[in-house]
Structure formats: structure tokens, C-alpha cells
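Here is the structure we will look at, set down as C-alpha cells.
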Amino acid sequence: MCGIIGYIGTKKAAPILINGLLRLEYRGYDSAGIATIEKNGLSVMKDKGRVKNLYNLDGIDDLEGTIGIAHTRWATHGKPSKENAHPHLDNSNSFAVVHNGIIENYNDLRNFLVKNGYTFRSQTDTEVIPNLIHYYYSKDKVDDKNKVLRAVQHACKDLKGSFAIQVITKYLPDNLIVVRKDSPLVIGKGDGENYISSDIPAILSFTKDFYLLDNYEIAVLSRDQVVFYDFDLNKINKKVTSIDWNATSADKDGYEDYMLKEIYEQPNAIRETIGSRIPENEPCNFEDLSFTKEFLFSINKIYIVACGTAMHAGLSGKCAIEHLCNIPVIVDVASEFRYRNPIIDKNTLCIYLSQSGETADTIAALKLAKSKGATTLAISNVIGSSITREADYSIFTHAGPEIAVASTKAYTSQVVLLNILAIYFAEVLGSAPVEEIKDLKNEILALPEKIESALKTSSQMKEYAKSIYQEKDMFFLGRGIDYNTALEGSLKLKEISYIHSEAYAAGELKHGPIALIESGITVISILTDEKLVEKTISNIQEVITRGAKTLVITNKELPSNNIDVIINVPDTCTLLSPILSIVPLQLLAYYISKEKGLDVDKPRNLAKSVTVE
Ligand code: AGP
């Protein structure tokens, strides 16, 4: 959940670190800090609040060090405060550490260190790490060049939980050490300099060449090289992965907020997702997927497992796979799946959806399925992300970096990719009519232009936002595939406007929730599924009768029927309609948040990548 940045080179580290932190702020933003190796030893500067506060710290401009580590925090242990901000030092001020993750046994380790004379300045779990490193360093009687490395290794072997850590020390003034277990960390390879980051976009403007650290790997960085070790300190080789993302795509490009930029990037993101996967007059093509025909025929059940918005995309994936392939699909929330005993065997395909590829619950759910013999497929937006390294197979949405905490383009590109995947399965299985598949492919190819049209609802949504931004509660209704859009529209609203909202399957309304409908309450309905339109209209009439204000998103010609506002989106086939009907709802959430003067990109209490349980 936190973001970490490191630099080792010949330039002043501090500005590079702060700049990197600003790009990582979506991962956590309650406090921030940097540590550099200066001529007179380690310097640590940190403060509560946003990264930009670091610019105001006394002496920050005087830092000359060319090696440094930095951190932006999302509190887990200990409230947001200067003391709890990273980097943390050991008692002798010899080792500075930043950490992303959670140390589950920190209480035991703290008690052990206290018994050995150590004291603590913060309430964090992290502070045990520099002190443990110091403990092992001072116990080691062999004084060779690997003494610090051994101390770091011993300390990390004591840690339970998840960690990506960076260590600098006065004992190794020309090195920086990093270790990773279940928390993301990449190393950017430069010329005479190297970078460290929690994710690729933050350092994309410096390099496109990355080493992707795996679990239980340690790297010792110097200016000219990176030496890798396994957890037993055997040297290992790692390949460089080149990333073809454009650095400017991680910037705001003139938009007021990343979220708005990402909403408007959807046409292009979807073009990239489609890529060459739908060749003319040929079956869909997944070069990166080597499923055998026999395996596809053997699948008896598919699980789609994810969290939040990705789970909502999974619900639309279920509609596509069940309809086209006639294989039952269960969509599950990763945090639930990982703690139940899912019925899985070698004929089960488990699909894990994760924009970041770093969501702890989704990764744990994948590992569980693997241990039970299922075949696992990860769908992520981030090449080299943890989940794609765990899965048997991986495919990518290629939507480009998504920075805003509220997911938009990652969601629509996931729905597109799941539809193409369903077609690919159906073409192998021969399970869907050729004409239907042909129409669906044409509709997918037409999506980028149709999203451009859906984006034209922007001014209507902005106006509508002005009329409802002060509301306290709202309802979202939909039937069939439109229920998925209701869920996602409601989540977007909650996340960035802090307005309470509930999404219901429209037919469920009369089984309880209708008791909450009273005069003046806003009810937003989605209506795109031809065969269910009339049913949902009846439900809308039920709320109108009880005094609700209504907004309807539809791709059908509807009689006004006393509905207050009707927003039209382009027509498409039912399976793809969530990709278009969500657009006005993303814009609505955005404009309500702006009307309320909130921080759209960094909503309170949330973080972009939920890398802890
Ligand atoms: C989306 O707006 C949310 N911020 C959140 O629900 C997100 O989709 C979820 O945490 C899963 O993230 P992932 O796709 O990176 O795994």
C-alpha cells in the first residue's frame, strides 16, 4: 500500500526521490520521508501529510547525497505522524530502512529487541527491521564486505508477513540493498545509475529497462551494477525486462486529474487491449496463451476471482463465458475465496483479474487454487507484476498505466479482454453460432469509437452532478448485465464522492430496499438489456411513485415515463453494454467529487494497490 523509491548514481538523490514519491503518492499519502547518505553520515527527513510537504523541510535543499531511499505511507500500524513516517533508523542511527508491507510477528520481534536493550521511537511494525539488522550486524564477528548483507539476510529471515524493503547504511556508503517478499519492487537499470520503485510508472521517465525482483530475492545495488542473491546468499542471474509504456502516458497530459485523463483514455486503451487479438476472418488470437485444445475441452468450471472493480469486470466476464461457451462460471471476491474451501480440481480454470497485479488477496487466492491443482490464468495490466509471475498463464490488458485510485480504463479494458477470451474459447469449443461471434467481434472493434460518443455525455453529467452533489444516499438499479454496471457505478460514487450508495438487482427492490425509497431520493438505473428493459421500467415506476428522482442510462429509445433525466449511450450487443454504460457513471462520480472539492485521484482511506490483507 505504501510507495517506495530509491536512487543510486551520481546526481543529487533528494530531488529524484521526491519526484518519484509524487508519482507513487496514489499508493499511500498520509506521510512521507527520505534518507540519503551524506558526507557526515545518514540524513533522514520526514513529515506527516503529503509528499509536497517535504519541499518545506529545513535543509532539504542542502542534501548532496547521491544515494537515497524514500517512502510514502498508508498507515497500517500507528497513526499518520512524523514519528511513524519512514525511513526508520536503528538505535545507533547506522541503518535507514523503508518498508512496504506488514510484519505480522513484529510484536514478538519488538519484545525480543527490547529484551536486548533496544528502544522504539514509533508505533510501526517497520522499526523492528533496522534494529534487527543492527542486532545481527553487531553480533557478526567476521568483518568482511558482506557483513551488512548477512545482517540484512538474517533480519529478513526473522520477518513473517510481507515486505519490500530498502536499506542504506553508513557502513556501505556506496551501496543500497533491497529485499522483497510478497510486496512489489522493481529495479530500473540506468547508465551509471540505478533506480528502485514499487512500480514501473514512477521511474519510467528514467529508464525502460527493469529487473523484476521475485520473492525472497536480495539485490545489492551500486552505481554500475546490481548483484542478485537468493535468500541463502547464493548469487543468481536476472534478466532485464524492457517495458514499452510511454513515459508521458503516466503524466496528466493537461487534464486536471489522472482520473479524468484515464476516463478519456478509454478509447485508446481499448484499442490497445484489442491489439491484434481479433484478426480479420480468422479465430481470435492469444499468442501469449498456450492452452491446448484438450485442456479447453476438459474445463468443467471456471472461477473468476478478483477484488473491487476488477471483480465487477469479472461479473461481465461470467456473462460472456457462460453465454458463449456454456461453461459454468463462479465469480468470487478474492478475500472470501482464499478462506473458503473452493471446490476445485484439475479441470477447473481459475482466472484472476487484477489491474495492478499486486493485490494481496487476489495473489493469495491464486496460490490456493494452484495448490489444489487448478490451472491458473492471471489477467493484469502490469507486465511483470507479482500475480503474473505466480500464475500458470498470463495475459495483459495493455491499458497503459492507471494512476488514479478509482479504476476506470482498467475496468473497461478488462471487460473487453474477457469478452475476447470468451470468443477465443468458444471458437475452439465450437460452442457459439458463427454469426453471433462475427457480430460480437465487429462490435468489439467498434467499441473505441462508441466510447468516444459515450464520452460526449460529459457536459450532461457535469450539469447533473451540480444538482445532486449534496445528497447523502443514492441507489443504483439494474437487471442482468446492467446489475454489474449498477455495482460498479455505485462503487465509483462511494470511492471518490463519499456519498453512500447501494446497488441492487432491480427485481430485489421489492424484497426490502424499497422501504428506503422516499421523496427526493435519487435512483440511477441502467437499462441496456433488450429482454429486461420492460421489467426494469416497472421497477423505476415503483420508485417514481414513492417520490424518487430518477436518472436512466440506456442505449434504447425509451418513452419518458416520468423519468427525470435520460442519458443515451451508443447501442451495442448486450455482452458489451457495460463498457459503454459505465462511462457516464464514471463521469458522474468524477464531477460530483469535483463539485464537493474533494481530491479525486487520492480519495481518503484508499490506496491504489492493496498489497496488504
Ligand atoms: C477501483 O476503483 C478500486 N480502487 C478497487 O476496487 C480496485 O479495483 C481493487 O482494489 C482491485 O485492484 P487490482 O485490480 O489492482 O487488483
Size of the dipole of the chain about the Cα centre, Lys and Arg at +1 and Asp and Glu at -1 on the beta carbon, nothing else charged, in debye to 20?
1500
With only Lys, Arg, Asp and Glu charged, each at its Cβ (+1 for the first two, -1 for the last two), find how big the charge dipole of the stretch 549-605 is about the Cα centre; round to the nearest 20 debye.
220
How big is the Rg/Rh ratio for the stretch 456-595, C-alpha atoms only, Rh by Kirkwood, two decimals?
0.92
Give me the net charge of K318's neighbourhood, meaning all other residues with Cβ under 12 Å from the Cβ of K318; Lys, Arg count +1, Asp, Glu -1.
-1
Describe numerically, in nm with one decimal, the distance between label points set 7 Å from Cα along Cα→Cβ at E557 and at Y339.
5.3
Using the heavy atoms of the protein chains alone and a 1.4 angstrom probe, what is the accessible area of the chain per residue in square angstrom?
38
Quickly work out the S371-to-R604 label distance, labels modelled 7 Å from Cα along the C-beta direction, and quote it in nm with one decimal.
3.8
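Can you pick out the pairs among K157/K608; K115/K141; K301/K370; K261/K594 whose Cα atoms lie more than 18 Å from each other? Before the final figure, lay out each step's value.
Numbers: K157/K608 28 Å; K115/K141 21 Å; K301/K370 15 Å; K261/K594 14 Å.
Violating the 18 Å Cα-Cα cut-off are K157/K608; K115/K141.
Using only the Cα atoms of the stretch 276-340, construct the convex hull and provide its projected area averaged over every direction, in square nanometres to one decimal. List each step's numbers first, then the result.
Values: hull surface 23.1 nm².
Quarter of the Cα hull surface area: 5.8 nm².
Quick check: convex hull of the Cα atoms in the stretch 417-462, volume per residue, rounded to a whole Å³?
80
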Taking a spot 7 Å from the Cα of K462 along the direction of its beta carbon, which residues of the stretch 595-609 have an amide N less than 16 Å from it?
595-597
When the helix-only estimate is applied to the chain (DSSP H runs of n ≥ 4, each -39,500 (n - 2.57), divided by the residue count), what is the mean residue ellipticity at 222 nm, nearest 500 deg cm²/dmol?
-10500 deg cm²/dmol
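Of H71, H154, which has the most accessible area and how do the rest follow, probe 1.4 Å?
Working: H71 0, H154 80 Å².
So the residues, ranked largest to smallest area, are H154, H71.
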Taking every alpha carbon pair in the stretch 321-441 and sorting the distances into 5 angstrom bins from 0 up to the bin holding the longest one, the percent per bin comes out as 2, 11, 19, 21, 20, 15, 8, 3, 0
Tell me the accessible surface of K252 in square angstrom (1.4 angstrom probe, heavy atoms of protein chains only), to the nearest ten.
80
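Loop only per DSSP, at most 11 neighbouring Cβ atoms within 10 Å: give me the chymotrypsin sites (Phe, Trp or Tyr not before Pro) in the stretch 187-222, ordered by residue number. Intermediate results must be reported in sequence, preceding the final value.
Details: sites: Y195, F206, F210, Y211, Y216; in loops: F206, Y216.
Counting only loop positions with at most 11 other Cβ atoms within 10 Å, none of the chymotrypsin sites (Phe, Trp or Tyr not before Pro) in the stretch 187-222 qualifies.
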Partner aspartates and glutamates whose C-alpha sits under 18 Å from that of K372, ignoring same-chain residues fewer than 8 away, are D332, E336, D345, D361, E390, D392
Quick check for the stretch 416-544: number of Lys pairs with alpha-carbon distance under 23 Å, counting only pairs 8 or more apart or on different chains?
19
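Ordering K141, K367 by accessible area with a probe of 1.4 Å, largest first, what comes out? Could the numbers behind the result be given before it?
Numbers: K141 165, K367 75 Å².
My answer, sorted largest first, is K141, K367.
Quick one: which of K12/K39; K549/K602; K318/K556 span more than 20 angstrom between C-alpha atoms?
On the way: K12/K39 13 Å; K549/K602 30 Å; K318/K556 24 Å.
With Cα atoms farther than 20 Å apart: K549/K602; K318/K556.
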FRET efficiency for H154 and V227, using Cβ-Cβ distance with R0 set to 22 Å, rounded to 0.05
0.75
Using protein chains only and a probe of 1.4 angstrom, how many square angstrom of K602 are accessible, to the nearest 10?
40
With the calculation restricted to Cα positions, what are the radius of gyration and Dmax of the stretch 3-245 in angstrom?
16.2, 51
Plugging the Cβ-Cβ distance of K535 and I330 into 1/(1 + (r/R0)^6) at R0 = 25 Å yields, to the nearest 0.05, a FRET efficiency of 0.50
Added length on full extension, which subtracts the Cα-Cα distance from 0.36 nm per residue, N116 to K141:
7.2 nm
Reduced to Cα centres, the span from the stretch 503-543 to the stretch 452-471 in Å works out to 21
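Just the number, please: carbon plus sulfur as a percent of the accessible area of the chain, 1.4 Å probe, no ligands or DNA/RNA counted. The partial results should precede the final answer.
Working: 11080 of 23320 Å².
Ligands and nucleic acids excluded, carbon and sulfur reach 47 percent.
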Considering the zone a paramagnetic label at D244 would reach in this model (a point 7 Å from Cα along the Cα-to-Cβ line), which residues of the stretch 192-221 have amide N under 17 Å from it?
208-210
Can you give the alpha-carbon Rg of the stretch 110-222 over 2.2 N^0.38 Å, where N counts its residues?
1.14
Run the reach check for K145 against aspartates and glutamates, Cα to Cα strictly under 13 Å, same-chain hits fewer than 8 apart removed. What comes back?
D174
Starting at 0 and stepping by 20 Å, how many percent of the alpha carbon pairs of the chain end up in each bin?
20, 49, 27, 4, 0
The aspartates and glutamates whose Cα lies under 15 Å from the Cα of K189, excluding any fewer than 8 residues away in the same chain, are D199, D209, D224, D244
Hey, quick one: spin label on K170, modelled 7 Å out along Cα-Cβ, who in the stretch 41-73 has an amide N within reach, i.e. under 19 Å?
41-46, 63-69
D61: accessible area at probe 1.4 Å, nearest 10 Å²?
120
Quick check: with the 1.4 Å probe, what order do L368, L54, L516 take by accessible area, largest first?
L516, L368, L54
Have a look at L576, I521, Y469 and report the one farthest towards the positive end of the charge dipole of the stretch 456-595, computed about the Cα centre with Cβ charges (Lys/Arg +1, Asp/Glu -1).
Y469
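The values are calculated or read from the model by the stated rules, or taken from the named source; none is laboratory data. Predicted, not measured: the structure shown is a model, and the values here were computed from it. For neighbour counting, all protein chains shown are included, and Cβ atoms are generated from backbone atoms with ideal geometry for every residue, glycine included. Accessible surface areas use protein heavy atoms only, side chains included; no ligands, DNA or RNA. Shrake-Rupley method; radii C 1.70, N 1.55, O 1.52, S 1.80 Å.
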